[in-house]
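Have a look at the structure below before the remarks.
The values are calculated or read from the model by the stated rules, or taken from the named source; none is laboratory data. All figures in this text were calculated on a predicted structure; none of them were measured in a lab. Note that each Cβ is placed from the backbone with ideal geometry, even for glycine, and that neighbours are counted across all protein chains shown.
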Amino acid sequence: MRSVRFVLLILSFLLGAYGWFLGRIPTSVADPTRETDGIVVLTGGALRLDEAAVLLTQGRAKRLLISGVSTDTLPEDIRSRLPGLPPDLFQCCVDLGYQARNTIGNADEAAAWATAKDMHTLRVVTAAYHMPRALIELRRTLPQVDLVPHPVFPERVFDSGTLPPVTAPLEFGKYILALVRLRLSGLEPPGDGSVVSRLPTAPPTLAPEPAP
């Protein structure tokens, strides 16, 4: 009987934590007009790139980092996917990060970029369901930079504001692991949409971009 109660207690805790996680997924862009020093977009969908390009074109920031670009993707390949972005703006103000292979790598790449460019505010563009975990990982690695979440809502993932049955539990598990890493680093999780972190003692470096 005690074992049954223990199992029910664990299940209740997990269900509560899962509901809390779902409540942290943004349903809109909280601060769409604020200008920041830079924009970082975590690759993984065309909608993210399109939105980041629009923000840069509108003057919401001075520079854009596309983090997690495939090593076999050339700058002109990215430029061709963003026809609405003026070529001169792409040439002067878009940086491509080739090191990241996951969200942890995105955070390291963004930290190196923001430190090198002396940035104090960053707009973070990624899918809404990915935003809570992205902010946790960025909280762990970025210097003292304010992060402005800018979620996008891909139709293939969101249907009337809900998540598919596979995507949500998987993202929840990854989010918990990210929280554990954050706690082990001695930092507190973000309490709202704006995040402040500390300066890493040895920021990672970005891989050189391939020649055009």
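Working only within the range 114-156, note down all residues that are among the basic types (Lys, Arg) and in contact (Cβ under 8 Å) with a residue 40 or more places away in the chain.
LYS117, ARG123, ARG133, ARG139, ARG140 - these are the residues of the range 114-156 that are among the basic types (Lys, Arg) and in contact (Cβ under 8 Å) with a residue 40 or more places away in the chain.
Being touching a Gly at 6+ places or on another chain (Cβ under 7 Å), modelled with pLDDT of 90 or more and either aliphatic (A, V, I, L, M) or part of a loop (DSSP other than H, G, I, E, B) (or both) is the requirement here; does LEU206 meet it?
Judged against the criteria, LEU206 is not a match.
Quick check: is even one residue across the range 106-113 touching a helix residue (DSSP H, G or I) at 6+ places or on another chain (Cβ under 9 Å), among the polar types (S, T, N, Q), in contact (Cβ under 8 Å) with a residue 40 or more places away in the chain and surrounded by 15 or more Cβ atoms within 10 Å (Cβ to Cβ)?
Scanning the range 106-113 turns up at least one residue that is touching a helix residue (DSSP H, G or I) at 6+ places or on another chain (Cβ under 9 Å), among the polar types (S, T, N, Q), in contact (Cβ under 8 Å) with a residue 40 or more places away in the chain and surrounded by 15 or more Cβ atoms within 10 Å (Cβ to Cβ).
Report, by residue number, each residue of the range 188-199 that is modelled with pLDDT of 50 or more and surrounded by 15 or more Cβ atoms within 10 Å (Cβ to Cβ).
Of everything in the range 188-199, those that are modelled with pLDDT of 50 or more and surrounded by 15 or more Cβ atoms within 10 Å (Cβ to Cβ) turn out to be PRO189, PRO190.
Right, SER160: crowded, with 17+ Cβ neighbours inside 10 Å, of a type in the set (Gly, Ala, Ser) and at pLDDT below 75 or not?
No; evaluated as a whole, the condition is false for this residue.
Could you tell me whether any residue of the range 34-46 is surrounded by fewer than 16 Cβ atoms within 10 Å (Cβ to Cβ) and either more than 23 Å from ALA100 (Cβ to Cβ) or in contact with an Asp or Glu (Cβ under 8 Å, 6 or more places away or on another chain) (or both)?
Within the range 34-46, one or more residues are surrounded by fewer than 16 Cβ atoms within 10 Å (Cβ to Cβ) and either more than 23 Å from ALA100 (Cβ to Cβ) or in contact with an Asp or Glu (Cβ under 8 Å, 6 or more places away or on another chain) (or both).
Being under 19 Å from PRO154 (Cβ atoms), touching a residue at least 60 places away in the same chain (Cβ under 8 Å) and among the charged types (D, E, K, R), is that true of even one residue in the range 33-51?
yes
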